[in-house]
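Novice: Here it is: the structure, laid out below.
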Amino acid sequence: MYIKKTYLISTALFSLLVSACVSRQDAAFPFDRHQAAKSRVELALAYMQHQDYVQARINLDKALQYAPEDYLVHSAFAYYHQQQGETELAEQAYLNAIGKNNKRGDVLNNYGAFLCRQGKFATAYQRFEQALNTPGYYQRADTYENIALCALSEQNSERYRQSLLELEKLEPARAEKLKLLVSDRGIRKNGTANK
């Protein structure tokens with residue numbers, strides 16, 4: 001009987017100490033809402049890679065709860081809606097992301113590529129130009145490649161040629177691969193199929 005009482009008291013004291021330690025640890029490491037949102041976005045993107053859109057959406061909704069003003073959350077939502085074929089929602093999410101932070105060349109580039117797929121070429125080129133003019137944007141080759149591909153879709157041979165020249169300055173091997181891809185697919189410089 002004495003052993004049982006001692007055991008119960010020891011267990012209770014141990015539990016109390018552990019909970020006190022946990023409380024102190026929580027105070028020492030406050031919850032970082034932006035980091036939590038970023039982690040949820042990364043998890044959502046991983047789920048999308050595995051085509052688990054339900055879990056992706058759950059994580060994006062959590063990210064939005066944590067950081068509704070974070071451009072990254074809205075950008076991830078744009079990609080999610082794009083994958084779901086929800087073009088109006090994707091466009092709105094891109095605009096929200098840009099509204100939260102219009103100095104993100106990567107978001108502007110992705111939005112330009114999205115617009116190009118929708119056949120909104122003039123607006124797409126404007127977004128590509130904004131991306132290229134964004135301070136600290138280093139994925140310029142991605143944007144020039146997207147401009148070239150967009151120009152092919154539009155059958156705009158001059159813009160294709162110009163963007164390919166810019167891409168060659170930055171990444172010659174990548175420009176060569178694009179040329180090979182275009183010739184392998186039988187596309188002329190004016191963007192029409194070879195017969």
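Read-outs throughout are calculated quantities, based only on the coordinates presented, and are distinct from any laboratory measurement. Keep in mind the model is a prediction, meaning the values are calculated, not measured. Every residue, glycine as well, gets a Cβ built from its backbone with ideal geometry; the counts of neighbours run over all protein chains shown.
Novice: Which of the pairs Lys100/Lys179; Lys38/Lys177; Lys38/Lys103 have their Cα atoms more than 30 Å apart in this structure?
Specialist: Check vs 30 Å cut-off fails for Lys100/Lys179; Lys38/Lys177.
Novice: Additional query: Charges at C-beta only: +1 for Lys and Arg, -1 for Asp and Glu. How large is the resulting dipole of region 103-177 about its Cα centre, in Debye rounded to 20?
Specialist: With only Lys, Arg, Asp and Glu charged at Cβ, the dipole is about 220 debye.
Novice: Given a Förster distance of 35 Å, report the FRET efficiency between Ala36 and Ala141 from their Cβ-Cβ distance, rounded to the nearest 0.05.
Specialist: Using R0 = 35 Å, I get an efficiency of 0.60.
Novice: Within a Cβ distance under 12 Å of Met48, other residues only, what is the Lys/Arg minus Asp/Glu net charge?
Specialist: Net charge in that neighbourhood comes out at -1.
Novice: Among Phe77, Phe121, rank each residue by its count of other Cβ atoms within 10 Å, from fewest to most, as a rough exposure measure.
Specialist: Fewest to most other Cβ atoms nearby, the residues stand as Phe121, Phe77.
Novice: Here is a further query. Within 10 Å, count the other beta carbons around each residue, average over each peptide in 164-171, 149-156, and list them highest first.
Specialist: Result, highest mean first: 149-156, 164-171.
Novice: Assign one of three labels to region 103-177, namely rounded, prolate or oblate, based on the Cα gyration tensor with a ≥ b ≥ c the square roots of its eigenvalues; rounded applies when a/c is under 1.5, prolate when it is not and a/b is larger than b/c, and oblate otherwise.
Specialist: Oblate.
Novice: Calculate the FRET efficiency for Gln51 and Arg161 from the Cβ-Cβ distance with a Förster distance of 35 Å, rounded to the nearest 0.05.
Specialist: Plugging the Cβ-Cβ distance into 1/(1 + (r/R0)^6) gives 0.40.
Novice: Treating the beta-carbon of each Lys and Arg as +1 and of each Asp and Glu as -1, no other charges, what is the dipole magnitude of region 71-195 about its Cα centre, to the nearest 20 debye?
Specialist: Dipole of region 71-195, to the nearest 20 debye: 260 debye.
Novice: Output wanted: per-residue J couplings in Hz (rounded whole) for region 70-78, from phi through Karplus 6.51 cos²θ - 1.76 cosθ + 1.60, θ = phi - 60°, x for Gly and Pro.
Specialist: Along region 70-78, the couplings run 7, 4, 4, 4, 5, 5, 5, 4, 4 Hz.
Novice: Which order do Ile58, Ile147 fall in if you start with the one that has the fewest other Cβ atoms within 10 Å?
Specialist: Listed from fewest to most nearby Cβ atoms, that is Ile58, Ile147.
Novice: On to the next question. Lys and Arg at +1, Asp and Glu at -1: add these up for the other residues within a Cβ distance under 11 Å of Leu132 and post the number.
Specialist: For residues surrounding Leu132, the net value is -1.
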